[in-house]
Each structure stands twice: as C-alpha cells, then as structure tokens.
Amino acid sequence: MVQRVARRLLGLLGALVLLVIPALAGDRALIEVIGYSRDSHYLAFEEFGIQDGSGFAYSTVYVIDLVEDNWVVGTPIRKLADKEETSLLEVRAEAREKAGETLATLGIDAPVQVLAMAADGAPDMDGQSLHFGLPGYGIGDVMGDYRLTLSTGEVQAMTPCNAWFGARAIGFSLAVADGDQTRLVHQDDTLPRSRGCPVNYRIYAVLAPWVDDPLPHAVALISIYAQGFEGPDRRFLAVPLGF
C-alpha cells in the first residue's frame, strides 16, 4: 500500500515537473537553394519546417538582390498552414507557386554550386569559421584558400528582447581572409524586426553560381538561432561576400 502511494506521488511529481519546465525542442528550419538568376544578380532560397508551439507547417521563399544586399520588393513570400492536418508538402507547393512569377521575371533558374558546408550532422565543427576555395578540374583540386570567420556580440534590436526574454539580442560580424589580407563583409548595428531576438549564429555554407567566374557572386549562408516558443528557432540569412 505504501509503495503504491509512493509511486503515485512520484508520478504526480513528474507530471508537475513537465508542466513547469519549458520544452526545449525549438524549430530547426531546413533549406533548399532554388538558384541564381542567369546574370548572377539575384539568389533565391526556401526555408521550411514545422513551427514550434503550433505544430503548423511553414515555408518562406527569399529572393535576394546581391548587388543591393536586400530582399527583392514583394519578398520574402511566406506561407503558414492554419491546421496541423495541412502537410508540409502542400505548404511548400503553395509558396513555390506564389513565388513563381517573381522567379520567372528575374530569370532565377541558374544552378548553384556549394563551395563548402558546415552541415548539421558534421561533428567537431563549431560553425564559427570555414575554409573554402574554387573547385579545380582534378579530383580534390581546390583553387585558392579563403577563410570565413564569424564573431558575435550584443547589439540593439528593433524587437524588445530584454522585455520579452530578459536578454539582449546578439548580432554578428563576418570576415573573409585571403592569405594575410582580411576583409569585413558584414557587421550588425541595429537588428531589424525580422531578425527577432537571436541568441547565436553559425556559418552554414558558401554558395556560388555555376559560371566561369563564380567568386564575385559568392554568398555565405548563415544560420540564425533566435528565441522561439519552445527554444531557439533556426532560420537563414544570405550574405554576399563581395569579391
């Protein structure tokens, strides 16, 4: 009898702990790069996943003007399901259809090559630096030796991060080194409202168009981890490297 009561009390205590401690699942968006424009002026990619909290599928198509380092007017294109029964496949198809006219108008159908990647499942990579070069013509040949370095620090944000989460927002800077020469390619000042309240960043990949001279149009994909409903939510940002 005493043992049964003790087991019930432990069960109730465990349930109460689960109610009190917030889940730390978060929402890790995946990415699919759609392509460059034929003149390498624009880049489009889609991030998608299942929203934490609601469990609804979502898809966002970004179209970036790499010369102005800005979103193209009328983008990003966002689709969010209004019920759990709506599949991710359906939501992604809707987002792609809605983005179709913009992609066609800008001629975004040129292939992309991945120069380097710090993939989610790669061990012993902290995402704060990444070496890359241009693929050569022999097996394993790489031309050039460039190094991306990311650093973070507290910055001001348009979102009231301190009031909402009790912490300042984190911004990042990104530099690229070629031998002894290092060049700053991005430095956060005040974060836009679209960035939310980031807690960390990681270098995800370096992309370039599949053309004869790809380096001037190379882009770094940065993973942004922002405060979410159940933990950090991963989203993506494209930074032109400006070679």
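The values are calculated or read from the model by the stated rules, or taken from the named source; none is laboratory data. Model, not experiment: these values are computed from the prediction. When we count neighbours, we look across all protein chains shown, and the Cβ atoms used for this are built from the backbone with ideal geometry, even at glycine.
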Specify the residue that is nearest to the chain's Cα centre (by Cα); the eligible residues are those in region 126-150 that are free of Cβ contacts under 8 Å to residues at least 24 places away in the same chain and assigned to a strand (DSSP E or B). His131
One residue is enough: does region 119-128 have a residue meeting the conditions modelled with pLDDT of 95 or more and not assigned by TED's automatic domain parsing to the domain that holds Tyr36? yes
Which of (1) touching a Leu at 6+ places or on another chain (Cβ under 9 Å); (2) at pLDDT 95 or above; (3) under 30 Å from Gln227 (Cα atoms) is the odd one out, the single condition Lys79 does not satisfy? (1)
Residues located in region 209-225, provided they are touching a Ser or Thr at 6+ places or on another chain (Cβ under 9 Å) and buried (at least 20 other Cβ atoms within 10 Å of the Cβ): Pro209, His217
Within region 197-214, how many residues turn out to be out of contact with any helix residue (DSSP H, G or I) (no Cβ under 8 Å at 6 or more places or on another chain) and either under 18 Å from Thr149 (Cβ atoms) or at pLDDT 95 or above (or both)? 12
Just one of the numbered conditions (1) in contact with a Phe, Trp or Tyr (Cβ under 6 Å, 6 or more places away or on another chain); (2) closer than 23 Å to Asp120 by Cα is not true of Leu215; which one? (2)
Within region 151-195, can you find the residues that are small (Gly, Ala, Ser), assigned to a helix (DSSP H, G or I) and more than 19 Å from the chain's Cα centre (by Cα)? Ala163
Go through region 109-142 residue by residue and tally those that are surrounded by 13 or more Cβ atoms within 10 Å (Cβ to Cβ) and either of a type in the set (Ser, Thr, Tyr) or closer than 30 Å to Ala99 by Cβ (or both). 16
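Within region 143-164, which residues are hydrophobic (A, V, I, L, M, F, W, C) and surrounded by fewer than 15 Cβ atoms within 10 Å (Cβ to Cβ)? I'd like the intermediate steps shown before the answer.
Looking only at region 143-164, we keep the residues that are hydrophobic (A, V, I, L, M, F, W, C), and these are 143, 148, 150, 155, 157-158, 161, 163-164.
Answer for region 143-164, where residues must be hydrophobic (A, V, I, L, M, F, W, C) and surrounded by fewer than 15 Cβ atoms within 10 Å (Cβ to Cβ): Met143, Met158, Ala163, Trp164.
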Are any residues in region 196-220 under 20 Å from Leu66 (Cβ atoms), assigned to a loop (DSSP other than H, G, I, E, B) and among the hydrophobic types (A, V, I, L, M, F, W, C), and if so, which ones? Trp210, Val211, Ala218
Determine which member of the set Thr60, Thr102 is of a type outside the set (Gly, Ala, Ser), touching a helix residue (DSSP H, G or I) at 6+ places or on another chain (Cβ under 8 Å), at pLDDT 95 or above and crowded, with 16+ Cβ neighbours inside 10 Å. Thr60
State which residue is farthest from Thr60 (Cα to Cα) when the search covers only region 198-243 and only residues that are of a type in the set (A, V, I, L, M) and in contact with a Gly (Cβ under 6 Å, 6 or more places away or on another chain). Ile203
